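Here the structure is laid out as structure tokens; the discussion comes afterwards.
We did not get these values from a lab; they are worked out from the coordinates using the rules stated. Being a predicted model, the structure only gives us computed values, none of them experimental. Backbone-built Cβ (ideal geometry, glycine too); neighbour counts: all protein chains shown.
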Amino acid sequence: MPIAEALTSITAMIGLVKTLKDVDHDLDKGQLKSQMAQLYSDLADVKMDLVDAQQELHGKDQTIRELNERFDFQKALVEIEGFKYDSKDGRPSGLPYCPNCEVKEGKMYRLSKGDEQFSDCLNCEKTHNAAANGRVNLKSPPIERDVLVGRY
Ligand SMILES: [Zn+2]
């Protein structure tokens, strides 16, 4: 993690600066130059580690924002027998989202209306026994899709 590396570098630099502060000022110029070069190099490393840490934190902020948006979206849905609908005054509204794609991809694709009983997912191409406004798993009267398709 860049922050841990930056802290390690800063600790080393503090030690180096302390050495320079306490050193006998009759120190050899070559030795002083060498320690200053090391300090400069360590500062550059810390700067790079902090830039990496900043990017990592920005990425985490973005992930948190997306997860919060997804959570708020999911919280606002109404679930009827495994099919999630948008909520209108607490009741299912419109066509549901594809439960298959939600499980497999973690994404919400709204189903496309097939007829009064079935809806199709344009993403996974699966047909669901789910229609608008919470009508799911209709069995009575039994409606066969082929019969409906044949009638239209
Ligand atoms: Zn799907």
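Gain on full extension, evaluated as 0.36 nm per residue between Asp52 and Lys75 minus their Cα-Cα distance, stands at 4.8 nm.
In this Cβ point-charge picture (+1 for Lys and Arg, -1 for Asp and Glu), the chain has a dipole of about 720 debye about its Cα centre. Considering all different alpha carbon pairs of the chain, the Kirkwood hydrodynamic radius works out to 20.9 Å.
Secondary-structure-derived ellipticity at 222 nm for the chain, considering helices only, amounts to -18500 deg cm²/dmol, per-run term -39500 (n - 2.57) for DSSP H runs with n ≥ 4. Sorting 94-104, 4-14, 57-67 by average packing, meaning the other beta carbons within 10 Å per residue, from highest down gives 94-104, 4-14, 57-67. Once both axes come from the Cα atoms, what is the angle between helix 2-22 and the longest principal axis of the chain, in degrees from 0 to 90, rounded to 10? On a 0 to 90 degree scale, this one is about 10.
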